[in-house]
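Q: Next up is a structure, given as structure tokens.
Rule-based calculations on the coordinates, nothing more; no lab input. All figures in this text were calculated on a predicted structure; none of them were measured in a lab. Glycine gets a Cβ as well: all are built from the backbone with ideal geometry, and neighbour counts include every protein chain shown.
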Amino acid sequence: MLTAKQQQLLLFISDRLSSGGVSPSFDEMKDALGLKSKSGVHRLINALEERGFIRRMANRARALEVLKLPEAPAAASNVVAGAFGQKTEDNPPAPSDTIDIPLHGRIAAGAPIEAFEQADSFIAVPQSMLGRGDCFALEISGDSMVDLGILEGDTVVIESGKTARDGDVVVALVDREDATLKTLRHKGQDIELIPANADHQTQVYESQRVEVQGRLVGLLRQYN
């Protein structure tokens, strides 16, 4: 499953190749997607290449080849949705029981990555999954939360908020530019961001360096 930004970039590259035979420049891709820097384009290109949607052509500057386009969305019966901490079921709610929320880009369940961009699309989620406040969705990148059942490629539902209790799984913004999904714990003047994978270490920051953006309330998983 591609994120909204990944799909938008892939279609933009495909359209430019079809119309002119030349790949767009990184500046053109940045402007087309409304990104603030070319580093965001590099991450999207790398993700598309890793997933086999595009290929960089050797010995040719900025040359890209589109290998495939996204398939139509899978049937609803292939989607498993659940409120965080509750058992998921293979019977998703009927469409009338869903509500659209903003879908942002990817967030790391590993080392912090550059903060997600503003959403330009929406995703339907069960109303029963939503918290009391405004919610948004993010796609998971990394494996540091696997012991809590949060896997690479999952889509998590986040209830917006600036505060959280110890033990909450939160979206934490570090130094106002890097976002990560971790379990939060206060320790004196510091904040610990704790993974759920023994292969990853707890990240410790001075409290003023960490801003809570919201807490995890639900998870969506696509089975292909």
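Q: Would you mind ranking Met145, Met57 by Cβ crowding within 10 Å, fewest neighbours first? Write down the numbers at each step before the final one.
A: Numbers: Met145 27, Met57 12.
Going from least to most buried by this count: Met57, Met145.
Q: While we're looking at this one, here's another question. Which order results if Glu28, Glu65 are arranged by neighbouring Cβ count within 10 Å, fewest first?
A: Working: Glu28 15, Glu65 12.
Arranged by neighbour count, lowest to highest, Glu28, Glu65 become Glu65, Glu28.
Q: Normalised by the empirical 2.2 N^0.38 Å for globular proteins, what value does the Cα Rg of the range 4-66 take? Display every interim value, and only then the final one.
A: On the way: Rg = 10.6 Å, N = 63, 2.2 N^0.38 = 10.6 Å.
For the range 4-66, the normalised Cα radius of gyration comes out at 1.00.
Q: Using a cut-off of 14 Å between beta-carbons, work out the net charge of the residues near Ile158 (Lys and Arg +1, Asp and Glu -1, Ile158 not included). Mind showing how you got there, number by number?
A: Details: positive: Arg106, Arg132, Lys162, Lys182, Arg215; negative: Asp134, Glu139, Asp154, Glu159, Asp168, Glu211.
So the environment of Ile158 carries a net charge of -1.
Q: So, one more: Place a +1 charge on the Cβ of each Lys and Arg in the range 148-205 and a -1 charge on the Cβ of each Asp and Glu, then give the dipole magnitude about the Cα centre in debye, rounded to the nearest 20.
A: Working: 6 positive and 11 negative charges, 51 e Å.
In total the dipole reaches around 240 debye.
Q: Rank these for me by crowding, Leu69, Leu35, going from fewest to most other beta carbons within 10 Å. Walk me through the numbers before you get to the answer.
A: Working: Leu69 11, Leu35 20.
By the 10 Å Cβ count, ascending, the order reads Leu69, Leu35.
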